[in-house]
Amino acid sequence: MSEVILEARDIKRDYVVPGGFLKKDKVISAVKGVSFTLEKGKTLAIVGESGCGKSTLARILTFIDAPTGGEIIINGKKVDVAKDGITKEMRQMVQIIFQNPYGSLNPRQKIGDVLGEPLLINTNMSAGERRERATEMLVKVGLGPEHYNRYPHMFSGGQRQRIAIARALMLNPKLLVLDEPVSALDLSVQAQVLNLLADLQEEFGLTYVFISHDLSVVKYIADEVMVMYYGEAVEHGSRDSVFSDPQHAYTKTLFAATPRADVESIRARLAKKQQTKAA
Ligand SMILES: Nc1ncnc2c1ncn2[C@@H]1O[C@H](COP(=O)(O)OP(=O)(O)OP(=O)(O)O)[C@@H](O)[C@H]1O
């Protein structure tokens, strides 16, 4: 039987923006009651244009921000950040990957320490065990033991994103929330990082919430697609059904605006990958 890893029930997030002298405060409803369930090993892509609430939802799903309404259930357990804070268990269960890996890596920390830190904080592993695990993870993400003592600036953008992915996996999470994880990378590097994510998902049984404005990337990686528009989920279905038969007027407009060439190039990449796998 399929196992539900994540359930979002009617998630809402309002921001109050102070109005200033003699002006009323303004309430911005960034997320207006979003619900979905996500099964183990699946990828839900969340798409929509800038300002539709994708990043707000990502922050809520990763406990960086608390919702103003609704509930999150992870692995069968209701999460209440406002009441319980962020517990060790939650931190282990869910990790986030951001668009800009350089921004999230401390430039003065060697990669070995970047990867060892979550273990140092959250486990009783010895220095030797942490080193071994970090080296293992470097190899899993396509880097090598020789990178252990290097600093973030010595890596390319794609390699830095691999390091960010390795760090996110150090505590064996069940769910990864990826907020535009390949948007800052060159096209060829994007494909490599997407392939890595697909391989890691298979190997570790990971569940992904993948936020992207790039439909060609979404078409490549997603099992399900949720389309957001002004804080609401206006469409949610399997990748194939949403792409081949979009129902909502906004989805139709969004898809019509995507250059066809992108979709074709991603199809070609996918076909090539399948050929390589079969060979
Ligand atoms: N801390 C905040 N205070 C006030 N308003 C905010 C805050 N964070 C987000 N918003 C507003 O909430 C809405 C949704 O923003 P959000 O960043 O979630 O959208 P997005 O779809 O991720 O956009 P982008 O792709 O540009 O990051 C926007 O109108 C934004 O201005």
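Report the full-extension gain for the segment residue 80 to residue 7: residue separation times 0.36 nm, less the Cα-Cα distance, to one decimal in nm.
So the chain would gain 25.0 nm between residue 80 and residue 7.
Provide the gained length on full extension for the span residue 35 to residue 183, in nm with one decimal, where the gain is 0.36 nm per separating residue minus the Cα-Cα distance.
Using 0.36 nm per residue and subtracting the Cα-Cα distance, I get 50.7 nm.
Based on the Cβ-Cβ distance from residue 253 to residue 28, what FRET efficiency comes out when R0 is 22 Å, to the nearest 0.05?
Efficiency, from the Cβ-Cβ distance: 0.45.
Can you give the helix-only mean residue ellipticity at 222 nm for the chain, where every DSSP H stretch with n ≥ 4 adds -39500 (n - 2.57) and the sum goes over all residues, rounded to the nearest 500 deg cm²/dmol?
Roughly -12500 deg cm²/dmol at 222 nm, from the helical runs in the chain.
Using the crude model of +1 on Lys and Arg Cβ and -1 on Asp and Glu Cβ, and no other charge, please compute the dipole size for region 120-271 relative to its Cα centre, in debye to 20.
460 debye
Counting Lys +1, Arg +1, Asp -1, Glu -1, what net charge surrounds residue 96 among other residues with beta carbon under 12 Å of its beta carbon?
Combined, the nearby Lys, Arg, Asp and Glu give 0.
Where in region 30-63 is the amide nitrogen less than 20 Å from a point lying 7 Å along the Cα-to-Cβ axis of residue 17?
30-33, 49-60
How large is Rg over Rh for region 4-278, taking Rg from the Cα atoms and Rh as the Kirkwood inverse mean of 1/r across Cα pairs?
Ratio value, two decimals: 0.98.
Treating only the Cβ of Lys, Arg, Asp and Glu as charged (+1, +1, -1, -1), what charge dipole size does region 4-278 show about its Cα centre? Round to the nearest 20 debye.
400 debye
Kindly work out what percent of the DSSP beta bridges joining two residues of the chain are antiparallel, to the nearest 5.
That works out to approximately 60 percent antiparallel.
Between 241, 171, 73, whose Cα lies farthest towards the positive end of the dipole of the chain when Lys and Arg beta carbons carry +1 and Asp and Glu beta carbons carry -1, centred on the Cα centre?
My answer, from the dipole projection, is 171.
Take the Cβ-Cβ distance between residue 153 and residue 238 as r, set R0 to 45 Å, and report the resulting FRET efficiency rounded to the nearest 0.05.
Efficiency, from the Cβ-Cβ distance: 0.60.
For residue 45, what residues show an amide H to amide H distance below 5 Å, using hydrogens built from the backbone and excluding near sequence neighbours?
Residues meeting the amide H criterion: 210, 223, 224, 225, 226.
Helix check for the chain. Which DSSP H runs span at least 15 Å along their own axis by Cα, with a mean Kyte-Doolittle hydropathy no less than -0.5?
What comes out of the filter, once short or polar helices are dropped, is 111-122, 157-169, 187-204.
Throughout, read-outs are computed from the coordinates displayed, never taken from laboratory work. If you're wondering where the values come from, they're calculated on a predicted model, not measured in any experiment. Neighbour counts are summed over all protein chains in view; Cβ atoms, including those assigned to glycine, are modelled from backbone coordinates with ideal geometry.
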